[in-house]
1. Taking neighbour Cβ counts within 10 Å as the exposure measure, how do 105, 20 sort from fewest upward?
2. Please state, to two decimals, what the Cα-based radius of gyration of the stretch 10-140 comes to when divided by 2.2 N^0.38 Å (N = residues).
3. By how many degrees, 0 to 90 and rounded to 10, does the Cα axis of helix 10-22 deviate from the longest principal axis of the chain?
4. Note down the relative contact order for the stretch 10-140 as a percent, whole number, built from C-alpha pairs under 8 angstrom at least six residues apart.
5. Given the Cα-Cα distance of residue 127 and residue 69 and 0.36 nm per residue of separation, how much length would full extension add, in nm?
6. On full extension of the chain, what length is gained from residue 102 through residue 10, given 0.36 nm per residue of separation minus the C-alpha to C-alpha distance?
7. What ranking do 24, 81 get, fewest neighbouring Cβ atoms within 10 angstrom at the top?
8. What distance in nm lies between label points placed 7 Å from Cα along the C-beta direction at residue 93 and residue 44?
Amino acid sequence: MVDEHRALDAFKNRCTNAARRLESCIRYFIERISLDESNEDREDNRLDVWLRVGPWKPDVVISLSDLRSVRPWGPGLDSTSFVDGISLVHLPKLPLAWPAEAVDRLDRSEDLPELVWLRITGPIEIDAVAAMVTVYQAISDDEASVLQ
């Protein structure tokens, strides 16, 4: 998400809202992960994570772009790739401090924009830092099957 209006705290608020939406994704399963780091322009490099639990809950897609760091995750996806923990943390620009656990994550400079740090724990661990985040939430299959 690009902040077109440059509103004070807009990116921080987007991160907070996305983090709140993701709180309900504990015990979801990681259905798919897509990592594309092949583009020359870093803004086009992206990580997408698809989460699903069943037809009674909405599917969720987390999309990070302008990747700054992606740490490798464990073995391939299987039926036990559940989400044991999930966090999405806003990392502000200098001179504001980062959370203690993020301090050694990247080299900080004046040129570094506000960032977002996604961590998913479980059998597969995802750890990524990016400059843009979008969280998509679909209507659940059960809800979509009823005429409104």
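Values in this text are rule-based calculations from the coordinates and carry no lab data. Nothing here was measured: the structure is a model prediction, and the numbers come from that model. FYI the Cβ positions are ideal-geometry reconstructions off the backbone, even for glycines, and counts take in every protein chain you see.
1. The order, fewest Cβ neighbours first, is 20, 105.
2. Working: Rg = 14.6 Å, N = 131, 2.2 N^0.38 = 14.0 Å.
With N residues counted in the stretch 10-140, Rg over 2.2 N^0.38 Å equals 1.04.
3. Roughly 30 degrees between the two axes.
4. Dividing the mean separation by the residue count of the stretch 10-140 yields 30 percent.
5. Residue separation times 0.36 nm, minus the Cα-Cα distance, leaves 20.1 nm.
6. Stretched out fully, the residue 102 to residue 10 stretch lengthens by 31.0 nm.
7. Ascending Cβ contact count within 10 Å gives the list 24, 81.
8. 2.6
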